[in-house]
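For reference, the structure is listed below as structure tokens.
The values are calculated or read from the model by the stated rules, or taken from the named source; none is laboratory data. Owing to the predicted nature of the structure, the values given are computational and were not obtained by experimental measurement. Note: ideal-geometry Cβ built from the backbone for every residue, glycine included; neighbour counts use all protein chains shown. Note: areas computed on protein heavy atoms with side chains; ligands, DNA, RNA excluded. Shrake-Rupley method; radii C 1.70, N 1.55, O 1.52, S 1.80 Å.
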Amino acid sequence: GAWLGMKYCLPEMNDGGAVVNVSSLMGQMGLPDASGYCASKGAVTSMTKAAALEVADRNIKINALHPGVIWTPMVGAGSEGDNDLKSFFELETPLREVGLPKNMALEFFKQFHLPAMIVQLTGGGLTLVSPFRNRRYCPSR
């Protein structure tokens, strides 16, 4: 998905455009019984950083979003949502709430002006990691 999107879109993009890839916090942390998922999301992160450097001279920003638990059907939400699972995730999250897709997008776009950043939405802090500097910014701390 992310690789094919960049392969075909980047050559056609105007200078100054932007790409947003969706990875996962599990691409950096790991999760038992999900090694394939974790590996693929880690690859999206590395690819995003490399591609951002490749098109920096065209002023194209390529960023990756790394959500933690976002309450979607993939993790148990939906018409028959599992409230016990949701409660578990809420207890494991510093803000005691699971993320929602609309919140994920809002938090990301607040910081979107930065080039080649990795945004981790974890329910307890927003961490930005730039491949151009060795700094971390945690506005909630």
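Numbers at a glance
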item	result
Condition met for residue 74 (open to solvent by less than 70 Å² (accessible area, probe 1.4 Å), under 17 Å from residue 25 (Cα atoms) and either modelled with pLDDT of 70 or more or not hydroxyl-bearing (Ser, Thr, Tyr) (or both))	no
Selection count, the range 10-32, where residues are more than 21 Å from residue 93 (Cα to Cα) and not in a helix (DSSP H, G or I)	9
Condition check for residue 49: part of a helix (DSSP H, G or I), modelled with pLDDT of 90 or more and more than 20 Å from residue 70 (Cβ to Cβ)	no
Flag if residue 14 is touching an Asp or Glu at 6+ places or on another chain (Cβ under 9 Å) and either open to solvent by 40 Å² or more (accessible area, probe 1.4 Å) or farther than 26 Å from residue 97 by Cβ (or both)	no
Verdict on residue 61 being touching a residue at least 60 places away in the same chain (Cβ under 8 Å), more than 20 Å from residue 98 (Cβ to Cβ) and either within 15 Å of the chain's Cα centre (by Cα) or crowded, with 17+ Cβ neighbours inside 10 Å (or both)	no
Residue check, residue 41 outside any loop (DSSP other than H, G, I, E, B), touching a Ser or Thr at 6+ places or on another chain (Cβ under 6 Å) and crowded, with 17+ Cβ neighbours inside 10 Å	yes
